[in-house]
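Everything on this sheet refers to the single structure shown next.
The values are calculated or read from the model by the stated rules, or taken from the named source; none is laboratory data. None of the values given here were measured: they were computed from a predicted structure. Cβ placement follows ideal geometry from the backbone for every residue including glycine, while neighbour counts extend to all protein chains displayed. For accessibility, only protein heavy atoms count, side chains too; no ligands or nucleic acids. Shrake-Rupley method; radii C 1.70, N 1.55, O 1.52, S 1.80 Å.
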Amino acid sequence: SRKLIAATAQLGPIARDESRASVVARLIALLEQAHARGATLVVFPELALTTFFPRWYIEDEAELDRFYETEMPNADTQPLFETAKRLGVGFYLGYAELIEEGGEKHRYNASIIVDDSGEIVGKYRKVHLPGHFNPEDWRPFQHLEKRYFEHGNLGFPVYEAMGGKMGMCLCNDRRWPETFRVLGLRGAELVMLGYNTPSHYPQAPEHDHLQDFHNHLSMQAGAYANGCWVIGTAKAGREEDCDLIGGSCIIAPTGEIIALTQGVGDEIATAEIDLDRCKELRENVFNFALHREPGDYTPICDG
Ligand code: ING
């Protein structure tokens with residue numbers, strides 16, 4: 001068996017003007033709590049260093065750039081990396097990435113896996129960007145990820161870390177079965193993801209009461225159909241007048257939720273996971289080599 005104790009480390013609201021230092025202190029507190037429970041792997045939310053700024057139309061580029069990290073680690077996040085290394089805890093962290101390449105700025109909704117020696121072992125850039133590009137004033141709040149981030153250009157990579165094959169994705173990615181299937185085909189045994197999910201979906205308010213259900217449905221289906229563990233971590237609570245769902249959880253390859261947060265604030269939930277359990281599904285009902293029929297799936301890849 002390849003057992004480890006993992007933690008979903010949920011964040012409550014981050015205020016628009018909350019400093020990185022303040023947020024990093026919250027992340028460190030959660031990481032220390034998880035370590036106290038024996039965790040060696042902690043999953044933080046998407047965009048875990050700032051408020052979910054795509055809810056606003058920000059015209060001033062300098063103001064927009066305030067929400068991005070131009071290097072990782074950096075002066076603000078170094079204390080998190082150092083604490084994690086000292087405690088021997090690896091972590092997943094979502095953040096807004098701003099890089100300059102060829103004199104051009106590129107912005108991504110990104111996440112990294114940092115192993116228990118404090119080294120970044122993998123990076124992911126969000127592929128499925130929800131929302132819209134231009135502000136729409138009928139909406140109670142915007143969702144401008146298509147404006148503020150480029151389509152991720154790293155695909156869906158899987159990394160060897162913490163004794164297993166680790167995959168990542170971000171928020172809306174979890175709703176697309178292709179995300180989990182590509183990671184599953186690449187052998188991912190644990191998929192880590194963070195999310196910022198408003199409970200109100202302006203285009204279909206009749207689904208608002210289903211947001212928690214759809215959140216777990218998506219991740220449980222992804223775990224089961226690919227025989228992998230899934231840890232999904234929310235930025236939750238009423239953040240700048242926008243209610244975000246909680247429901248952070250650890251899901252077994254069987255699709256069962258085995259750990260779940262109770263509130264919508266800063267909170268961890270932990271569970272012992274055994275990466276070897278993936279084979280219960282991958283050698284049987286989802287034995288891809290034996291049962292999959294890719295010849296019949298071509299429409300999935302049509303443009
Ligand atoms: N947020 C949401 C998500 O996919 C959304 C957008 C909300 C889509 C509700 C559908 C329903 O969870 C992000 N950041 O992707």
Please verify whether region 153-173 includes one or more residues that are part of a helix (DSSP H, G or I), on the phi < 0 side of the Ramachandran plot and crowded, with 24+ Cβ neighbours inside 10 Å. yes
If we keep only residues of region 57-107 that are within 18 Å of residue 145 (Cα to Cα) and touching a His at 6+ places or on another chain (Cβ under 9 Å), then the residue farthest from the ligand (Cβ to nearest atom) is 99
So which of 203, 211, 220 is open to solvent by 10 Å² or more (accessible area, probe 1.4 Å), in a helix (DSSP H, G or I) and within 12 Å of the ligand (Cβ to nearest atom)? 211
By residue number, the members of region 174-200 that are among the charged types (D, E, K, R) and not in a loop (DSSP other than H, G, I, E, B) are 174, 175, 178, 181
Scan region 8-28 residue by residue and report those that are closer than 20 Å to residue 193 by Cα, surrounded by fewer than 19 Cβ atoms within 10 Å (Cβ to Cβ) and among the small types (Gly, Ala, Ser). 12
Only residues that are of a type in the set (Ser, Thr, Tyr) and in contact (Cβ under 8 Å) with a residue 24 or more places away in the chain: list them for region 258-302, please. 261, 270
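This table checks each residue for (1) over 23 Å from residue 6 (Cα atoms); (2) without any contact (Cβ under 8 Å) to a residue 24 or more places away in the chain.
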position	(1), (2)
128	yes, no
133	yes, yes
156	no, no
165	no, no
188	no, no
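A quick yes/no check of all residues on (1) at positive phi; (2) more than 15 Å from the ligand (Cβ to nearest atom); (3) crowded, with 22+ Cβ neighbours inside 10 Å:
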position	(1), (2), (3)
131	yes, no, no
138	no, yes, no
145	no, no, yes
176	no, no, no
184	no, yes, yes
195	no, no, yes
Qualifying positions in region 8-26 - touching a helix residue (DSSP H, G or I) at 6+ places or on another chain (Cβ under 7 Å) and outside any strand (DSSP E or B): 14, 24
Among the residues of region 114-128, the number that are surrounded by 17 or more Cβ atoms within 10 Å (Cβ to Cβ) and either more than 13 Å from the chain's Cα centre (by Cα) or polar (S, T, N, Q) (or both) is 5
Among the candidates 79, 73, 54, 45, residue that is in a helix (DSSP H, G or I) and under 23 Å from residue 106 (Cα atoms): 54
Looking at this structure, is residue 243 assigned to a strand (DSSP E or B), free of Cβ contacts under 8 Å to residues at least 60 places away in the same chain and either out of contact with any helix residue (DSSP H, G or I) (no Cβ under 9 Å at 6 or more places or on another chain) or buried (at least 16 other Cβ atoms within 10 Å of the Cβ) (or both)? yes
What about residue 5, is it open to solvent by 20 Å² or more (accessible area, probe 1.4 Å) and either assigned to a loop (DSSP other than H, G, I, E, B) or not aromatic (Phe, Trp, Tyr) (or both)? yes
